[in-house]
Amino acid sequence: MHILIVEPGKHPREAEIEHTLENLQNIVGGYIQALYPYDDPVAIVCDDEAKLKNDTHWNRLLPECHDIIKGTFFICGLGEEDFTDLPPELMEKYKNRFWNIEYFFPTPQGLLPIIFEH
């Protein structure tokens, strides 16, 4: 399955993976959770328990969900009943969407995002 992996502090990268539950969990570092914030047939797959873990880093703002994703996540396509390859045009779209690296700093008012445009 052809996906886009987005790790904290890094630019997104394309990857070819074997489509098994174990592989999906290994990429995100835990139990998978799928988010569907876009009209495109894509899923953001992340660690369901990342926000409870101290060893994961904040990754990207997700204003579409009024949230911040913590830990590594990936974007894949949606088939009729399962995850599938991310089509080339959506690969480019979401690579551009998540290209800028974001760091988060705690403040008394909450997390402050700093975005590095490259």
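Quick notes
- Shown here for the stretch 1-96: GluC sites (Glu not before Pro) in loop regions (DSSP other than H, G, I, E, B) with at most 16 other Cβ atoms within 10 Å, namely Glu18, Glu49, Glu80, Glu81.
- Qualifying chymotrypsin sites (Phe, Trp or Tyr not before Pro) in the stretch 1-78, where qualification requires a DSSP coil assignment and no more than 13 other C-beta atoms within 10 Å, comprise Tyr31.
- Cross-link reach list, lysines versus Lys93, counting only Cα pairs under 26 Å and skipping chain neighbours closer than eight places: Lys10, Lys70
- Over the chain: helical MRE at 222 nm, DSSP H runs n ≥ 4 each giving -39500 (n - 2.57), nearest 500: -4500 deg cm²/dmol
- A cut-off of 5 Å between modelled amide H atoms, ignoring neighbours fewer than 5 places along the same chain, links Lys70 with Asn59.
Read-outs throughout are calculated quantities, based only on the coordinates presented, and are distinct from any laboratory measurement. What you see is a predicted model, and the numbers here were worked out from it, not measured in a lab. FYI the Cβ positions are ideal-geometry reconstructions off the backbone, even for glycines, and counts take in every protein chain you see.
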